[in-house]
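Novice: Input: one structure, supplied below.
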Amino acid sequence: MTSDLFFLARGETKTAAAPLFTRPEALLVDRVRTGDKEAFGELYRMFAPMVHGIILARVPRDEVDDIVQEVFISAYKNLQTLRENGAVGGWLATIARNQAADFFRRVKQTEELSENTQLDDGSKTKAHEILATIRSCPDAYKETLVLRLVEGMTGPEIAERTGLTPESVRVNLHRGMKLLRQKLGIEV
Amino acid sequence: MNDEYLWNKTGTDAEIEGLENELKAFRFSADQPPGLPARIEVLPEKRTFNFFKLGFAVAFAAAVVVAMTLIWLRTPVNHPEKRSEFVKNNSENVAVPISPGPFSTPIMDPPMPKPKVINFKPPTTNATRAVKITAKKEEKLTPEEKHAYDQLMTALAITSNELKLVKDKINGRDVERTAAPDRQK
């Protein structure tokens, strides 16, 4: 708590170990702005798992890959609206959440059922059950849990990619995992 | 539950590892970025049109026009109906001015007169002033006035003498003055 107040008083965030403009993603964004498509590919490989996880936590799996592509195309078209190059991770996460919300405006939620009816083997069914349980958690927990358990990212990586503080990611992971275990019926 | 494994994958936790293995099937796998437009178009920053400012300006202009129209109509000589009544009532005595309208040049007040420049003269001495006053009085006074003036001056002289005596008595010089003429006599 005291350390949090200290950082607040100094106007810094704990994730800001290095200035935003010297981060590798900031340099990549600079290159993309000049029309470098290879830099865009690197940026995609760096942030696509994070965007995929955020969308997977909300949207039926069949639609996830298409929406990931839409997120990056939209980001590419609107790159001039990004003010701070180093904040591209948080910016992409916001676009991903908005695209997921747009999806539900466009289509009805009954498509989720069609996804489940296509399952054939038992292990997939169990995986879908776990994923459905994660999706039933609050937004802050389900996003972090998907990034950790599905995408295989560590806590610090989640914080770095999404722009959240490591403390909040750690809290969300711990509480989300506790909630998930309760819902899955695993003894704590 | 091993919190350290959950946080940064140090150590082991069979339960979390089992969940990871189950959910691995959903992991992101596509490495190819989406196809981009052939031509890179760097869009200029959009200028947002501020509807609020425009609306405020229009409303303000409309309010000014309405206010000026109301003021113009409330003047009886400008209102079409009231004007006829006003002309009827005052046609014998009053010449009705025709107003040029609300947007014409307003009638200005006459300019203020310039302040007069006062030439300051230094005060004259008592002697010159007395000469001037007596000269004026001698020129203008009638005989009756001159008689009254002489009487007044005599009374003033007597009064001043009496006052001088009182002053001398207060200062203790009355004995010397009164005694001195007696000794001379």
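The values are calculated or read from the model by the stated rules, or taken from the named source; none is laboratory data. Predicted model, so just to flag it, every value in this text is computed and none were measured. Reconstructed Cβ throughout: ideal geometry from the backbone, glycine too, with neighbour counts over all protein chains shown.
Novice: Could we say that A:GLU129 is surrounded by 13 or more Cβ atoms within 10 Å (Cβ to Cβ), over 29 Å from A:LEU28 (Cα atoms), among the acidic types (Asp, Glu) and modelled with pLDDT of 80 or more here?
Specialist: On the way: surrounded by 13 or more Cβ atoms within 10 Å (Cβ to Cβ): yes; over 29 Å from A:LEU28 (Cα atoms): yes; among the acidic types (Asp, Glu): yes; modelled with pLDDT of 80 or more: yes.
The answer is yes for A:GLU129.
Novice: I'm checking my understanding of the structure. Among residues of the range B:1-43 that are within 24 Å of A:ILE55 (Cβ to Cβ), more than 7 Å from chain A (Cβ to nearest Cβ) and modelled with pLDDT of 70 or more, which one is surrounded by the fewest Cβ atoms within 10 Å (Cβ to Cβ)?
Specialist: The residue in question is B:GLY35.
Novice: Could I ask something else about it? Among residues belonging to the range A:43-96 that are over 9 Å from the mean Cα position of the chain (by Cα) and of a type in the set (Phe, Trp, Tyr), point out the one that is farthest from the other protein chains (Cβ to nearest Cβ).
Specialist: Checked the range A:43-96; the qualifying residue farthest from the other protein chains (Cβ to nearest Cβ) is A:TRP91.
Novice: Another one. Please go through the range A:1-50 and give me each residue that is closer than 26 Å to A:ARG148 by Cβ, of a type in the set (Ser, Thr, Tyr) and either in a helix (DSSP H, G or I) or modelled with pLDDT of 50 or more (or both), ordered by number.
Specialist: Those that are closer than 26 Å to A:ARG148 by Cβ, of a type in the set (Ser, Thr, Tyr) and either in a helix (DSSP H, G or I) or modelled with pLDDT of 50 or more (or both): A:SER3, A:TYR44.
Novice: Does any residue of the range A:68-89 turn out to be farther than 19 Å from A:VAL169 by Cα, modelled with pLDDT of 90 or more and among the charged types (D, E, K, R)?
Specialist: Yes: the range A:68-89 contains one or more residues that are farther than 19 Å from A:VAL169 by Cα, modelled with pLDDT of 90 or more and among the charged types (D, E, K, R).
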